[in-house]
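Peer 1: Below: one structure in structure tokens.
The values are calculated or read from the model by the stated rules, or taken from the named source; none is laboratory data. Note that this is a predicted model, so its numbers are computed, not measured. FYI the Cβ positions are ideal-geometry reconstructions off the backbone, even for glycines, and counts take in every protein chain you see. Remember, those area values only see protein heavy atoms, side chains included, never the ligands or the DNA or RNA. Shrake-Rupley method; radii C 1.70, N 1.55, O 1.52, S 1.80 Å.
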Amino acid sequence: MKRIMRLRGVSGAIKGKVWEHPNLIRVGRLPQFELMLDDPSVSRRHAEVVRRVASAEVPDNWLVRDLESTNGTYLNGARVAAGDHILQPRDIVQFGKVAFLVEVTDATPEGPPSDSMVMAATTKAGFEEGIRRLAFGRDQMPRAGDELLALLRAGHHLVYLETEDQLLDSILNDAVSVLDAQRGAIVLCDGTGPEDDPKLKLRSLVVGGCGDAKDRFHFSKRLTTRCFARGESALYKNVQDEKELLTQSIADGAMSSILCVLLRTPRRKLGVLHLDRGFLQEPFTEDDLMLADALAAHASAGIECSLLLRKQRELFRNTIMVLAQMVELRDEYTGGHTKRVTEYATALAEHMEMSAEDIELIKLGTPLHDIGKIGISDEILRKPGKLTAQEFAVMQTHTILGAEYLSTIPELHPCIPIVRNHHERWDGTGYPDRLAKTDIHHLARIVAVADAFDAMTSNRPYHIGKKGRSPDEAFAEVDAQSGRQFDPDCARAFLEIRDEITRTMYELMPQVPQRRPTVMPEWAPTTHG
């Protein structure tokens, strides 16, 4: 029968408290350690007590080793040196100023899990069986109230959450909560790898009580890949004892018990829900596996719909970009203008912390801001010299024409203010509607700055002469026109991201030589008039 190491506190706040484990007790101030001690004399990674399995040369015993702690580890009053030191029952081991009595006991049938990390249970239930488990557990009895509420909440997410990230985060939060996991992750297949080597990408992460492990150890890539490839959900009751699968993410992530649950619909496999528990928690059970599998089946339909909508949105956006580029093919002086303005406007909207919906409209509407130029004759659009007053008046009608084109497509109606009003001015002297200040749609005000900056830095003879200005000259003009041509808040925010805008400009206009000013000015946005 397997022997268990037990450490019993002998003084202070820990007196009488017991910590035990069949294989490993890590000691320190890190929350994921088996023996977490919130004491200033204890280092973050102080020491560890490990089991040495019996062999022909040495008996089965326990060892303590110091992990280069500041205040040292003591055995029966003597500070231990580097290396392993054998522990005996009734020894006193001390970490910093915190002391414990060493005890060794036999594991009971109800005690810690067995050595082998074989899969304790698997399920390869199809989508229909997974849905049936929404109401009935493994014993075919109706689910308990808390479990049923968690599954119903998953359905609520599918209806009311707006973004894919929100959906995944909410599903994962519920899974971590109802299954009492210390950490959860959702990894989805990006569809680029072969069946035997799927490309699984982390899409959502929730950390419960494991502290700073959040940024380093998310999930076991090996187990999630195995789960996805085999098309089955699996329960691993004790992962620490299986050397073949004991990766750094499992060992250093303080994972003791793991659930890998397949996300799938009747059409395809989507990814894996990965949940784990730590050493101070009870291992997952087969009932936990069935509950997690039911939740995964229920949530997968919404995840698939979200993925399909994202792909449809990307296709729609790419189609719009191609349409916008058709306008540029008619005007040799505006090549790449659409992409640059879209990049500038998106960066500005994100810096101003616009809503996700507004940022999506910027990405959708900005490529269309000049779509009305389709209706402008080549004689004016492609004229190599400066436009006459009459010709410029015709050119200005592209904003009205563009708005009319979009009015025939209901899905693009929210983008009409960008197309119609991106040439309005804050002082009310713009076109076509001579709107002023906040009467101008806030998205049009953002695009106005991005569009003007690109116009100033591009070679557009009919607008600013034969040669575009340098970025510094263009930023200075944005500053000068704050409160006149531009919304002061938009101008100020644009100047705050000048380095990002400049990098983007040179990336998208590689033919333009990069010019370094002799003195790099620090633009302090001002408000004029």
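Peer 1: Taking R268 as the residue in question, decide whether it is open to solvent by 10 Å² or more (accessible area, probe 1.4 Å), within 22 Å of D293 (Cα to Cα) and at pLDDT 80 or above. Break it down into steps so the answer makes sense when it comes.
Peer 2: Details: open to solvent by 10 Å² or more (accessible area, probe 1.4 Å): yes; within 22 Å of D293 (Cα to Cα): yes; at pLDDT 80 or above: yes.
Yes, satisfied.
Peer 1: On to the next question. Name the residue, out of R515, R420, R503, that is open to solvent by 50 Å² or more (accessible area, probe 1.4 Å), in contact with a helix residue (DSSP H, G or I) (Cβ under 9 Å, 6 or more places away or on another chain) and modelled with pLDDT under 95. Spell out the reasoning first.
Peer 2: Values: R420 fails: modelled with pLDDT under 95; R503 fails: in contact with a helix residue (DSSP H, G or I) (Cβ under 9 Å, 6 or more places away or on another chain).
One residue alone meets the criteria, R515.
Peer 1: For the range 376-396, name all the residues that are part of a helix (DSSP H, G or I) and of a type in the set (G, A, S). Walk me through it before giving the result.
Peer 2: At the first step, the residues of the range 376-396 found to be part of a helix (DSSP H, G or I) are 378-381, 389-396.
Once the filter is applied, which keeps residues that are part of a helix (DSSP H, G or I) and of a type in the set (G, A, S), the range 376-396 yields A389, A393.
Peer 1: Kindly indicate whether any position in the range 440-457 is free of Cβ contacts under 8 Å to residues at least 12 places away in the same chain and open to solvent by 50 Å² or more (accessible area, probe 1.4 Å).
Peer 2: No, there is no match, as no residue in the range 440-457 is free of Cβ contacts under 8 Å to residues at least 12 places away in the same chain and open to solvent by 50 Å² or more (accessible area, probe 1.4 Å).
Peer 1: Hey, could you check the range 1-52 for residues that are over 24 Å from E68 (Cβ atoms) and of a type in the set (A, V, I, L, M) and say which is most open to solvent (accessible area, probe 1.4 Å)?
Peer 2: The extreme case among them is M1.
Peer 1: Out of all the residues in the range 55-70, is one or more within 34 Å of the chain's Cα centre (by Cα), at pLDDT 90 or above, surrounded by fewer than 17 Cβ atoms within 10 Å (Cβ to Cβ) and not charged (D, E, K, R)? Even if it seems obvious, please write down each step before you answer.
Peer 2: Applying the first criterion (within 34 Å of the chain's Cα centre (by Cα)) to the range 55-70 yields 67.
Now restrict to residues that are at pLDDT 90 or above: 67.
Add one more test, that the residue is surrounded by fewer than 17 Cβ atoms within 10 Å (Cβ to Cβ), and what stays is 67.
Applying the additional criterion that residues be not charged (D, E, K, R) yields 67.
Yes.
Peer 1: Is at least one residue of the range 321-334 at pLDDT 75 or above and open to solvent by 60 Å² or more (accessible area, probe 1.4 Å)?
Peer 2: Within the range 321-334, the subset at pLDDT 75 or above is none.
Among the residues of the range 321-334, not one is at pLDDT 75 or above and open to solvent by 60 Å² or more (accessible area, probe 1.4 Å), which makes the answer no.
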